[in-house]
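Structure, as structure tokens:
The values are calculated or read from the model by the stated rules, or taken from the named source; none is laboratory data. Bear in mind that the values here come from a model prediction, so they are computed numbers and not experimental data. Ideal geometry is used to build each Cβ from the backbone, glycine not excepted, and the neighbour counts take in all protein chains shown.
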Amino acid sequence: MADEEENQEAGEEKKGGMMKVILLINGLVLLIGIGVGVFMFMSGDEESDGAADMEVLEDAEAVEGANGQKSKGTPIYVPLHPAFVVNFENQEQVSFLQVDIQIMTYDSSVESALKAHMPAVRNELLLLLGGKQYHEINTREGKRALSQEAIQVMQDVLKNVGEASSIEALYFTSFVMQ
């Protein structure tokens, strides 16, 4: 009886020992796999970055050649805070529009001009947004058209006060209609 108990304990110890060996081997394989993956990821980035840089350079040269002008530099983003909130008619009920806008330009003087004349810019944008119908700006095309109209309105305001008006793009960073 005592021999049987000793044999069972020895069998359990062998099973436990074998399980430890299996876990160690699995752990080593996992670590080796992670190491190889990290190495490949790190070395792959250098090669792809070089290729991506070459592609970007070629694209820039192609654009420069096509337009006959050089790149304009780093874009400057000007947030128009606080968010614009207007009400407009939506089929005989009052609806609200809340919009966060950022302006992109390459000219730092436009940034300072927008800040200096922010009351006039905000006034014209509020009038533009408030004059829209729900169905006009409900679609993607409507939002793009609104963006172009807003750029034109801001350029007109800046031109009227004798400031630089080279606004390149307008981005809606939040657009909520309710």
For this session: Would you point out the residue of the stretch 117-165, among those that are among the small types (Gly, Ala, Ser) and farther than 21 Å from MET104 by Cβ, that is surrounded by the most Cβ atoms within 10 Å (Cβ to Cβ)?
Result: GLY130
For this session: Tell me which residues, restricted to the stretch 106-142, are of a type in the set (Gly, Ala, Ser) and either part of a loop (DSSP other than H, G, I, E, B) or not assigned by TED's automatic domain parsing to the domain that holds ASN90 (or both).
Result: GLY131
For this session: Within the stretch 90-118, count every residue that is of a type in the set (Ser, Thr, Tyr) and either more than 17 Å from SER165 (Cα to Cα) or in contact with a strand residue (DSSP E or B) (Cβ under 7 Å, 6 or more places away or on another chain) (or both).
Result: 4
Seminar exercise, completed: Selection from the stretch 84-116 of residues within 17 Å of PHE172 (Cα to Cα) and surrounded by fewer than 16 Cβ atoms within 10 Å (Cβ to Cβ) yields VAL85, PHE96, GLN98, GLN102, MET104
